[in-house]
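Remarks on the structure that follows.
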Amino acid sequence: MTGRKYKQHIADLAGILKQKSIRNIILCPGSRNAPLIQVFQRDPFFVCTSIVDERSAGYIALGMAKQSGMPAVVVTTSGTATLNLGPAVAEAFYQHIPMIALTADRPPEYPPQFSNQRVFQTELFRNNCFRSVQLPREEAEPLLMHQSLSQVSALIDEMTLREKGPIHVNIPLDEPLYLDVSEEAEFEICETSVFHNQLTESNRQKYASVSEALHSGKKILILAGMKKYSEQENKILRHLSRHYQVSILAENLANLVFEGAINAPELVLAAAGETERAGLIPDMVMALGEQIVSKRSRLFVQGLENVPVILAERDWSTTLQDWIEKNPASDKNDNSYYNSWKQLEKRAIKKATSFAESAEFSNLGVVLEVLNQLPDNTVVHLGNSGTVRYSQLQAARPGLEYHSNRGTSGIDGCLSTAVGAALVSEKLHIAILGDLSFVYDSNAMWNKAFPKNLRIVVINDAGGGIFRLIDGPDRMSFFEEFSVTSHPVDPVKLAESFGLKTLTVKDYKQLQQGLNEQLAKNGSLQLVVAETSDRQNSVIFKTFYSSLQED
Ligand SMILES: Cc1ncc(C[n+]2csc(CCOP(=O)(O)OP(=O)(O)O)c2C)c(N)n1
């Protein structure tokens, strides 16, 4: 020992988080992480939530961080507990969400026969997180410990200010693990870490070509992928669509619903004939944000010949803002490029709406109906992958906020993420999921603090319905058993075993009643299960697409 108090570095680590106003801590049970649990739970500044399943805990932290915009922390014991954070860390990495994984580790034992609950944890998430820090052991030189903690502090600032995604701090902890940890220390950070936007030369050139294209009236297609766009980014995009030949493809997960954006690109491209498509071809594409769900948008852009695609980095808004300030736009608005998209969108939405109004009770019908019924200000969590795809088949609504785990498109944490988001929000949240995703992530309901503002709709079509929609799997002999994978689990009984109030619905009238009850102020119904397993879901889906092309 170096004369420092027992597990002082853990108190210091907590002090860093407190200095940065990071409050939300998910604590998973274990022995090795007991000093971490002790430090966080005794300080009323931290809001601690106990979650047993680490896979779910990781996603809950992710949901909290995404919803609040503040880093959220998940703390685990050693061994496979840490590995179970992998999916959520990867999802956070691909969505640039500030999440902090604190994993307790066992120091090596001698002889190694005494080592258990141990996996290699140093840089465990290596290429799927922003940075990893290995803290030294407690007995390390104070200077070394100080440097490591300073690094953690600087990385948290960088992760937050520059939207870098998750960090992992691996913490070897020696026994004893159950003594009183010294009182919390306010950790001194030797220098304030301020990050400046350094524009690289290649980015400078990229944005110069965009400015040039704007200036010369070229048609620019902006692909706005999933992201929480800032106020400034939002303003710039509105400005560009108002004054230049710019069309912004913003499906629901971009949450950019304004005059000037095309919010149902999948519908437009599904409905457009060949000549009409020719009118949509841009001179340049600028791609922002993260993933895009619409398959037709992908095929459209990938099929463009000799059209440059500019991949914007996260500094695009600063640069374009400068350009806008130096180049005042005229008041004239003759964005004919946008108008070509908009005209087609209006027609496609009309057709889609008329189909939806008379659609049979089915997976597609239920998703569209639920989205129509939600009150403004609701936060929607769309499951992978049928649900998020169906939701592309209507225009995004301005009053709703849409989210989905499309960073890595896993079905393993859709409900947990919604739980995390609802826990740090006052708004009404709804998760709309398929039955496999719901069963997979049912431990999301294993939570004493299950949020009262979260509602769930499960579309039970007895397996992975998405595989019935895509061409290919259904031609395989293994299709039903190994792709669709029907299961014996009753979602209602499962949810009730966790104490949730449920209702099964089999037609639109019952669905309406269920939604009325769920969405009512102080409504207590938490889960509605829409039974669609005996419906012609894939036929209805395919008929929907063909109806878009009819005159
Ligand atoms: C963790 C994980 N395992 C497997 C997959 C592959 N997968 C994608 S969609 C899907 C089926 C999902 O079924 P369900 O939740 O019922 O939703 P539906 O497709 O019917 O809307 C599967 C297994 C995945 N995306 N993530």
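The values are calculated or read from the model by the stated rules, or taken from the named source; none is laboratory data. Owing to the predicted nature of the structure, the values given are computational and were not obtained by experimental measurement. Note that each Cβ is placed from the backbone with ideal geometry, even for glycine, and that neighbours are counted across all protein chains shown.
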Within the range 350-383, the residues that are outside any strand (DSSP E or B), within 14 Å of Asn252 (Cα to Cα) and more than 16 Å from the ligand (Cβ to nearest atom) are Asn372, Thr378
Inside the range 454-481, the number of residues satisfying the requirement of being away from the ligand (no atom under 13 Å from the Cβ) and closer than 15 Å to Thr502 by Cα is 2
Q.
Please verify whether Thr408 is assigned to a helix (DSSP H, G or I), within 13 Å of the ligand (Cβ to nearest atom) and of a type in the set (Ser, Thr, Tyr), treating the condition exactly as stated.
A. no
Of the candidates Ala530, Ala495, the one satisfying the condition of being part of a helix (DSSP H, G or I), crowded, with 16+ Cβ neighbours inside 10 Å and within 25 Å of the chain's Cα centre (by Cα) is Ala495
Margin query: Is it the case, given these coordinates, that Glu163 is on the phi > 0 side of the Ramachandran plot, modelled with pLDDT under 95 and outside any strand (DSSP E or B)?
Written below: yes
If we keep only residues of the range 417-453 that are in a loop (DSSP other than H, G, I, E, B) and either among the acidic types (Asp, Glu) or crowded, with 24+ Cβ neighbours inside 10 Å (or both), then the residue nearest to the ligand (Cβ to nearest atom) is Asp441
Here the residues within the range 390-403 that are assigned to a strand (DSSP E or B) and either surrounded by fewer than 24 Cβ atoms within 10 Å (Cβ to Cβ) or out of contact with any strand residue (DSSP E or B) (no Cβ under 6 Å at 6 or more places or on another chain) (or both) are Glu401, Tyr402
Within the range 105-138, restricting to residues that are part of a loop (DSSP other than H, G, I, E, B) and surrounded by fewer than 11 Cβ atoms within 10 Å (Cβ to Cβ), the one that is modelled with the lowest pLDDT is Tyr110
Of (1) under 29 Å from Leu433 (Cβ atoms); (2) at pLDDT below 95, Glu266 fails just (2)
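Out of Ile26, Ile97, report the one residue that is hydrophobic (A, V, I, L, M, F, W, C), outside any loop (DSSP other than H, G, I, E, B) and either surrounded by 24 or more Cβ atoms within 10 Å (Cβ to Cβ) or out of contact with any strand residue (DSSP E or B) (no Cβ under 7 Å at 6 or more places or on another chain) (or both). Before you say what the answer is, go through the steps one by one.
Values: Ile97 fails: outside any loop (DSSP other than H, G, I, E, B).
Of the residues listed, the single one that is hydrophobic (A, V, I, L, M, F, W, C), outside any loop (DSSP other than H, G, I, E, B) and either surrounded by 24 or more Cβ atoms within 10 Å (Cβ to Cβ) or out of contact with any strand residue (DSSP E or B) (no Cβ under 7 Å at 6 or more places or on another chain) (or both) is Ile26.
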